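Read the structure below first, then the notes.
The values are calculated or read from the model by the stated rules, or taken from the named source; none is laboratory data. All values reported here derive from a predicted model rather than from experimental measurement. Reconstructed Cβ throughout: ideal geometry from the backbone, glycine too, with neighbour counts over all protein chains shown.
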Amino acid sequence: MVAMKNSKKILQSLLNYLGEIGIQFSWVSDDGMKDKAVTSFSLDLKTSPCVLCGTFSDQTREIISIAHEAGHILTYQEMNREESCTYLCSTFAAHGIGLNKISPAGQESMLTVEIKASVKGLDILSEIVLTNEELNLAKKSMSQWYSTYEKLLPGNPNTIFFKGLSLEGMKKIKDAASEYYQYLQIVQEGKQAQYAYRRLVEWGYIKQK
Ligand SMILES: [Zn+2]
């Protein structure tokens with residue numbers, strides 16, 4: 001991966017910014033947390049979620065991971081009680097039995113949250129000073145992580161739809177359109193199909209029937 005210049009400075013401004021917007025952050029020096037950042041959520045709604053960051057060998061990856069996890073906290077804060085319960089239960093279930101075995105609604109909840117976390121993570125990174133090149137690098141890494149989720153759900157049309165949504169979130173309209181088009185070849189009914197269809201019309205890829 002290409003490295004960000006001044007990554008030390010960027011990391012410092014990122015942590016300062018998270019402090020300013022009230023996101024809890026903590027370093028952990030656990031062996032299992034090497035090159036990893038995670039968000040710890042508590043089922044007790046009074047305890048705020050916290051980004052836990054292990055020791056990274058690559059500072060660019062560290063910056064992007066922290067931003068994505070902070071995006072998870074911002075996404076979580078916007079959920080109502082029911083949404084946050086569905087999300088947390090799905091996450092616990094997916095860790096236990098695998099993402100491909102949990103309910104479609106649970107999968108949908110998790111994939112939607114992953115996209116939102118990345119979009120919000122990118123918003124955070126654009127608040128601290130990054131070059132366009134560095135922001136693109138972050139976008140690229142985040143889409144690659146999303147692909148690893150997709151691989152867990154082969155042949156599921158939902159995955160295609162959410163890939164489109166993710167690409168749209170990253171403002172990659174042409175690629176998003178191609179995913180929505182593929183989705184509509186398999187699914188023609190429902191909220192997601194209507195959404196995909198509307199987007200393709202809006203972007204001028206298809207003419208309204
Ligand atoms: Zn995530």
**Asked** Just for segment 68-99: of the residues that are more than 14 Å from the chain's Cα centre (by Cα) and of a type in the set (D, E, K, R), which one is surrounded by the most Cβ atoms within 10 Å (Cβ to Cβ)?
**Response** E83
**Message:** within 16 Å of the ligand (Cβ to nearest atom), in contact (Cβ under 8 Å) with a residue 12 or more places away in the chain, in contact with a Gly (Cβ under 9 Å, 6 or more places away or on another chain) and in the same structural domain as V119 (by TED's automatic domain parsing): is that true of D30 in this structure?
**Reply:** no
**Asked** Where residues in segment 97-114 are more than 16 Å from the ligand (Cβ to nearest atom) and small (G, A, S), which of them is farthest from T159 (Cα to Cα)?
**Response** G98
**Asked** With respect to the numbered conditions (1) closer than 26 Å to G190 by Cα; (2) within 15 Å of the ligand (Cβ to nearest atom), which one is the sole condition not fulfilled by P154?
**Response** (2)
**Request:** Being of a type in the set (D, E, K, R) and outside any loop (DSSP other than H, G, I, E, B) is the filter here, so list the residues in segment 41-77 that pass it.
**Result:** R61, E62, E69
